[in-house]
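A quick write-up on the structure given underneath.
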Amino acid sequence: MKDRCIHFTGIQHDACLKHVNYIDLAGESEFGSALRIPCTGRTGAGVQQCPHYQVPTAEEVAAYEAECDAYMEKVKTVLKVVDVWRKKLPIGKEEVIECPACNGQLHLSQSNWNGHIRAACETAGCVKWME
Ligand SMILES: [Zn+2]
């Protein structure tokens, strides 16, 4: 996070927030282009320079880390309930329960093949994951 450019949107997108096309920036061919862009803090031979590369401030990094920590606390709270729910029969069930993190509606579904859980709370910013 601390070396990642604040304009980076991910290589699943064509360009960053400054409209720099990742493949154009990497040069050569599309193959291996992610290894030749500096956006994630990569340095070294073959890595291109970008005039818009800008790392977040220490305050932005701290805020991001606090947000991640808060999210993980919500996940831990919800997992305590989901770990009990997953053992109820039958395997492969679906249910909407009260979210233990926010008291909203938590949608749970379980694969009847491997028992993995997909969880999504209706509350914006609350938990959502797929195992
Ligand atoms: Zn919730």
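All of the numbers you see were taken from the coordinates with simple rules; none came from a lab. The shown structure was predicted, so the numbers you read here are calculated from the model rather than taken from an experiment. Every residue, glycine as well, gets a Cβ built from its backbone with ideal geometry; the counts of neighbours run over all protein chains shown.
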| remark: In the range 110-128, anything within 17 Å of Val84 (Cβ to Cβ) and either under 14 Å from the mean Cα position of the chain (by Cα) or away from the ligand (no atom under 16 Å from the Cβ) (or both) is listed as Gln110, Gly115, His116, Val127
| message | Return the pair list, or none, for Cβ contacts closer than 7 Å from residues in the range 78-105 that are touching a residue at least 24 places away in the same chain (Cβ under 8 Å) to residues that are more than 16 Å from the ligand (Cβ to nearest atom) and not in a loop (DSSP other than H, G, I, E, B), at least 6 apart or on different chains. | response | Arg86/Gln110; Ile91/Gln110
| task | Report yes if Pro51 is more than 16 Å from the ligand (Cβ to nearest atom) and at negative phi, otherwise no. | result | yes
| task | Can you give me the number of residues within the range 1-48 that are farther than 30 Å from Glu67 by Cβ and assigned to a loop (DSSP other than H, G, I, E, B)? | result | 10
| request: Mind listing whichever residues of the range 48-103 are of a type in the set (Asp, Glu) and more than 17 Å from Arg4 (Cβ to Cβ)? | output: Asp69, Glu73, Asp83, Glu94, Glu95, Glu98
